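Written below as structure tokens is the structure these notes are about.
The values are calculated or read from the model by the stated rules, or taken from the named source; none is laboratory data. The shown structure was predicted, so the numbers you read here are calculated from the model rather than taken from an experiment. Virtual Cβ from ideal backbone geometry, glycine too; neighbours counted across all protein chains shown. Quick note on the areas: whole protein, heavy atoms, side chains included, nothing else; ligands and nucleic acids left out. Shrake-Rupley method; radii C 1.70, N 1.55, O 1.52, S 1.80 Å.
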Amino acid sequence: MSSTRSGFSLIELVLAIIILGGGLAVIYQSIMMNMRVIGTSRSRQDVAYVFSLGEIAYPLRDIEDPEEDIPVDPDGTLKEGYIYERTVDEKEEPEDGVVDDRLYTIRTIVSWENGANREEIVSYYRHTESTTTTGKGSQTTSSSSK
């Protein structure tokens, strides 16, 4: 008797399903990773947008008293879901015989997802005598992420 076999055996079918499943799992994992990267990129772009809206709404000019004029209370009206705020670090009194450098550390913070995420930019503002008359001071900016 000769038997002619057509089709796949059960073992061949199971192996094909396992190989196909492994390939689909790798593809699914890479798609999920790309979706997270897209979401992070979108959040970063929105944060940069809120930073720029905050700088437009609360400019650093015409400052007479930096500790009073620079801080911004948390403002959630610039973009829905994002809170913009700006603080000035307290200045230490200079030691005797040391001239005050009039340099202020400014922290600008944008938070989102009810404060679960936040981005902070630290900048420095030098308040000079010409600042009160011309409305200009020098500013240096550095960025840090938390």
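Give just the number: which of (1) under 14 Å from the mean Cα position of the chain (by Cα); (2) closer than 27 Å to Lys91 by Cβ does Ile70 not satisfy?
Going through (1) under 14 Å from the mean Cα position of the chain (by Cα); (2) closer than 27 Å to Lys91 by Cβ one by one, Ile70 breaks only (1).
Let's see how each residue does on (1) charged (D, E, K, R); (2) modelled with pLDDT under 90; (3) within 16 Å of Glu119 (Cα to Cα); (4) under 18 Å from the mean Cα position of the chain (by Cα):
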site	(1), (2), (3), (4)
Gly21	no, no, no, no
Pro66	no, yes, no, no
Pro74	no, no, yes, yes
Val98	no, yes, no, no
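Looking at the stretch 6-31, I want the residues that are part of a helix (DSSP H, G or I) and have a partner that is modelled with pLDDT under 95 with Cβ atoms under 8 Å, at least 6 apart or on another chain. Which pairs are those?
Qualifying pairs under 8 Å: Ala16/Phe8.
Going through Asp46, Asp65, Asp75, Asp89 one at a time, which residue ends up being out of contact with any helix residue (DSSP H, G or I) (no Cβ under 6 Å at 6 or more places or on another chain) and touching a residue at least 40 places away in the same chain (Cβ under 8 Å)?
Checking each option against the conditions leaves just Asp46.
Run down Thr141, Thr132 and say which single residue is closer than 30 Å to Gly39 by Cα, among the β-branched types (Val, Ile, Thr), open to solvent by 40 Å² or more (accessible area, probe 1.4 Å) and at pLDDT below 80.
Thr141
Using beta carbons and a limit of 8 Å, which pairs, at least six apart or on different chains, have the first residue in the stretch 102-122 and in contact (Cβ under 8 Å) with a residue 40 or more places away in the chain and more than 27 Å from Glu92 (Cα to Cα) and the second one open to solvent by less than 50 Å² (accessible area, probe 1.4 Å) and β-branched (Val, Ile, Thr)?
From the stretch 102-122, the pairs are Trp112/Val47.
Being over 36 Å from the mean Cα position of the chain (by Cα), open to solvent by less than 70 Å² (accessible area, probe 1.4 Å) and not aliphatic (A, V, I, L, M) narrows it down to one residue among Ser9, Ser30; which is it? So that I can check it myself, show each step before the final result.
On the way: Ser30 fails: over 36 Å from the mean Cα position of the chain (by Cα).
Residue meeting the stated conditions: Ser9.
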